[in-house]
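This report refers to the structure that appears directly beneath it.
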Amino acid sequence: MNLSAHHGRRWGQALMIVFSAFFLTCAHAQPASTGTKAAEIRIAGIIGRTEVELLLPGATAWILTQTNQVLGPRYRLRTGADSRVILRWSDHSVVTFGALTEIEILPPPTTGAGPGLHLIKGILSFFHREEPGRIRVFSRGTVAGVEGTEFVASAEVVNAIPRTTFSVIDGRVALTNEAGALTLTNGQQAVVDAGQAPILQPAGFIANNVLQWCFYYPAVLDLRDLPLTPAERAALDDCGPGRVARGRSIGPPSTPGQRPAATDRCRQTAG
């Protein structure tokens with residue numbers, strides 16, 4: 001009998017037993033998978049010169065937020081007068097919010113469903129690159145069940161009455177409230193006043209008009225690119241942070257019809 005081969009087989013059997021026990025232990029230690037992954041909402045980008053703020057659940061003070069912040073249920077988000085924010089859902093849906101917009105993330109209505117979105121005021125643009133995405137948008141006038149790739153919603157107050165406008169570029173949006181229901185599809189627009197049934201707008205809308213805010217980027221001016229004289233550059237330098245008062249006191253104002261001197265422009269900018 002070959003003892004080496006015999007011992008080799010015994011070692012192989014022993015290793016198989018050890019590995020089998022290890023994998024069985026790991027399998028029992030792992031929690032059972034539900035087959036569904038919780039939807040995640042993350043700030044993908046912030047655009048503009050004013051702050052984007054966050055109000056955490058139960059808090060009373062707004063705090064500054066930043067890119068990659070994860071938003072959970074009951075988080076509230078608001079943009080400033082010159083800022084926009086882009087949120088990305090884990091299903092690759094992208095929602096862009098315009099200036100002076102405030103929203104709240106709502107918990108999923110049922111197990112396995114995605115979170116909802118409460119548009120308190122302002123404007124949003126929903127975009128899903130691939131197959132139609134699903135999202136529920138709530139406002140003070142209606143609930144919108146969305147199944148589509150692109151739409152715009154805006155919430156405002158008109159004559160003291162909350163109004164929400166939905167414009168569907170591509171997809172299907174079902175509007176419902178206590179007064180009625182309406183389903184929108186490609187190229188259709190509806191207005192919903194609080195307490196009133198949704199009203200289809202027969203004229204429709206022009207997609208570029210409802211989306212142009214989404215593609216607007218504030219202009220960036222580099223003063224080094226301007227054809228200024230050395231004196232004008234020196235005067236503009238005096239308008240920098242902490243030096244506005246000095247800039248205001250330099251040089252006489254320009255006469256009517258003449259190109260304003262740099263110091264005058266500094267006064268105009270500083271107010």
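Readers should treat all values here as calculations from the given coordinates under stated rules, not as data from a laboratory. In this text the structure is predicted, and so the values were computed from the model without any measurement. Cβ coordinates were reconstructed from backbone atoms using ideal geometry, including for glycine residues, and neighbour counts include every protein chain displayed.
When a/c is below 1.5 the answer is rounded, else prolate if a/b is larger than b/c, else oblate, so apply that to the stretch 41-215 with a ≥ b ≥ c taken from the square roots of the Cα gyration tensor eigenvalues. Since a/c stays below 1.5, the shape of the stretch 41-215 is classed as rounded.
Figure the gain on full extension for ASN209 and THR185 (residue separation times 0.36 nm, minus the Cα-Cα span) and round it to one decimal in nm.
Working: separation 24, 0.36 × 24 = 8.64 nm, distance 1.78 nm.
6.9 nm is the gain from fully extending ASN209 to THR185.
Summary of packing: across the peptides 166-179, 109-122, the per-residue average of other C-beta atoms within 10 Å ranks them, highest first, as 166-179, 109-122.
Highest mean first, what order results for 48-55, 148-155, 96-103 on Cβ atoms within 10 Å?
Put in order of decreasing packing, that is 148-155, 96-103, 48-55.
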